[in-house]
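Peer 1: Quick one: the structure is below, and I'll ask about it shortly.
The values are calculated or read from the model by the stated rules, or taken from the named source; none is laboratory data. Keep in mind the model is a prediction, meaning the values are calculated, not measured. All Cβ positions, glycine included, derive from the backbone under ideal geometry; neighbour counts span all protein chains shown. Note: areas computed on protein heavy atoms with side chains; ligands, DNA, RNA excluded. Shrake-Rupley method; radii C 1.70, N 1.55, O 1.52, S 1.80 Å.
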Amino acid sequence: MKILVLNGGSSSQKSCLYEIAGVTLPSCPPNPLWESVVDWTHHSGVAEIKITTAQGTVLKGEIPAKTQSEATAYTLNSLWQGKTKAIDQLSDIDVVGHRVVHGGSQYRESVIVTDEVKGAIADFARFAPLHNPINLAGIEAIEQALGNVPQVAVFDTAFHSQLPLAAAVYPGPYGWYEQGIQRYGFHGISHQYCAQRTAQLMGKSLEDLRLIVCHLGNGCSLSAIRNGRSIDTTMGFTPLEGLMMGTRSGSVDPGILIYLLRQEGYTPDQLEQILNQKSGLKGISGLSADMRQIIEAEAAGNPRAQLALNLFIHRLRSSIGAMLMSLDRLDALIFTAGIGENSALIRAAACEALEFLGIRLDRQKNENNPVDLDIAEAESAVRIFTIHTQEDWAIAQDCWRNLNS
Ligand code: AMP
């Protein structure tokens, strides 16, 4: 079965093609046959594109594309034509999977796309105005290019859709909850994938495990997982809540927003821009949203980089503590995404605060670029894993399951 995965964001789109040959899913994530990344942040009217095939062919360049549908059309052509050709014709694709950011509380798992599902994705755009319209445009672009090939929507909120009410409802007026203002949580595809992969590596059933997943990338969130379900998470109504991130503030006192609206005359758009783009590591350091540069500047003695790093670690530790309190036991602490997978320093800083619980990181394993590995000392009370998150492979697996169930 040939599965095309589209993972579209507000300024970039990743796509990849997987092939699942057997009658069961492979136990280890396979490499895709073909991958493409289109990024149209840099110059207006032009997108940067990079296509890689399993045979090692790499095509890099700029294409004239302003919109996602132009980028999708180019990407699809490169799939069956030219030097990055991976299939003979587009009709060789059996199913297309899409990462869809918001499925509200309605979608608890991935679904085959129908008119009703498209309507719901459009409806949830009021909660995710930057993402859901793009996801829907991706579905429609595929309809145009590939006719009625089955498409599967895999929701970033689905894994958190069964949060207990105490974790899902905000303590504002009850009417908020009735109108859909509640905690949804995000990065669910990654949290679920990392939990499943950890269970597999531990040789245990996910249903029997208590886990905390730390997804630390440009966006950061934690989840507490019990019996295979997310029972608490740090992101909320939007991906702004919770941990400090690259350019996002994470949780701040909502009184600050009232103060800025009233005393400083900020508009909602200005507030949105400050909280999403001018805060976090970048806002505090004044330097960069990239953790590598913050760590470098901190080592060189830059006081604002030092503060940014300390703030990030402080909030990470506090939130791990909060997730811990939702569980009655912890079997594994999992680090994933750009920072979680690559920064030995952040992993060590998080684990250091947990030593009093008998959680012990093996320093050598931690420093040795671990991928899908247990990096705890043998006698640690809790296992510690780094997992390479593979959202696209998780989406491909959901496509396969939807078509084979
Ligand atoms: P992601 O959103 O998962 O792609 O993660 C992107 C972030 O990972 C970047 O902004 C970097 O801050 C961070 N990152 C990548 N490599 C490293 C590294 N070696 N050390 C610290 N942070 C890293």
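Peer 1: Restricting region 374-400 to residues that are away from the ligand (no atom under 16 Å from the Cβ) and without any contact (Cβ under 8 Å) to a residue 60 or more places away in the chain, which is nearest to PHE159 (Cα to Cα)?
Peer 2: Selected residue: ILE384.
Peer 1: In this structure, does MET323 turn out to be open to solvent by less than 20 Å² (accessible area, probe 1.4 Å), in contact (Cβ under 8 Å) with a residue 40 or more places away in the chain, within 25 Å of the chain's Cα centre (by Cα) and away from the ligand (no atom under 16 Å from the Cβ)?
Peer 2: Numbers: open to solvent by less than 20 Å² (accessible area, probe 1.4 Å): yes; in contact (Cβ under 8 Å) with a residue 40 or more places away in the chain: yes; within 25 Å of the chain's Cα centre (by Cα): yes; away from the ligand (no atom under 16 Å from the Cβ): yes.
Against the criterion (open to solvent by less than 20 Å² (accessible area, probe 1.4 Å), in contact (Cβ under 8 Å) with a residue 40 or more places away in the chain, within 25 Å of the chain's Cα centre (by Cα) and away from the ligand (no atom under 16 Å from the Cβ)), MET323 qualifies.
Peer 1: Quickly run through region 375-394 and pick out the residues that are among the acidic types (Asp, Glu) and open to solvent by 40 Å² or more (accessible area, probe 1.4 Å).
Peer 2: Residues of region 375-394 that are among the acidic types (Asp, Glu), as a first pass: 377, 379, 391-392.
Passing the criteria: GLU377, GLU379.
Peer 1: Any residue at all in region 136-154 that is touching a residue at least 12 places away in the same chain (Cβ under 8 Å), in a helix (DSSP H, G or I) and within 16 Å of the ligand (Cβ to nearest atom)?
Peer 2: No, the conditions are met nowhere in region 136-154.
Peer 1: Here's another thing I want to ask about it. When region 327-350 is examined, which residues are found to be crowded, with 20+ Cβ neighbours inside 10 Å and more than 16 Å from the ligand (Cβ to nearest atom)?
Peer 2: Answer for region 327-350, where residues must be crowded, with 20+ Cβ neighbours inside 10 Å and more than 16 Å from the ligand (Cβ to nearest atom): LEU330, ALA332, LEU333.
Peer 1: If you don't mind, there's one more thing I want to ask. Out of curiosity, is GLU341 part of a helix (DSSP H, G or I) and touching a residue at least 24 places away in the same chain (Cβ under 8 Å)?
Peer 2: Values: part of a helix (DSSP H, G or I): yes; touching a residue at least 24 places away in the same chain (Cβ under 8 Å): yes.
The answer is yes for GLU341.
Peer 1: Out of curiosity, is SER91 hydroxyl-bearing (Ser, Thr, Tyr) and more than 30 Å from PHE127 (Cα to Cα)? Show your work before the answer.
Peer 2: Values: hydroxyl-bearing (Ser, Thr, Tyr): yes; more than 30 Å from PHE127 (Cα to Cα): yes.
Here the answer is yes, as SER91 does meet what is asked.
Peer 1: Just checking: which of the strands (runs of 3 or more DSSP E) contained wholly in region 1-89 hold 3 or more residues that are surrounded by fewer than 18 Cβ atoms within 10 Å (Cβ to Cβ)?
Peer 2: Values: elements: 2-8, 12-19, 34-43, 46-53, 58-63.
Those strands (runs of 3 or more DSSP E) span 34-43, 46-53, 58-63.
Peer 1: For region 305-315, enumerate the residues that are open to solvent by 20 Å² or more (accessible area, probe 1.4 Å), in contact (Cβ under 8 Å) with a residue 40 or more places away in the chain and of a type outside the set (D, E, K, R). I'd like the intermediate steps shown before the answer.
Peer 2: Residues of region 305-315 open to solvent by 20 Å² or more (accessible area, probe 1.4 Å): 306-307, 310-311, 313-315.
From what is left, the residues that are in contact (Cβ under 8 Å) with a residue 40 or more places away in the chain are 311, 315.
If the condition is that a residue be open to solvent by 20 Å² or more (accessible area, probe 1.4 Å), in contact (Cβ under 8 Å) with a residue 40 or more places away in the chain and of a type outside the set (D, E, K, R), then LEU311 is the only one that fits.
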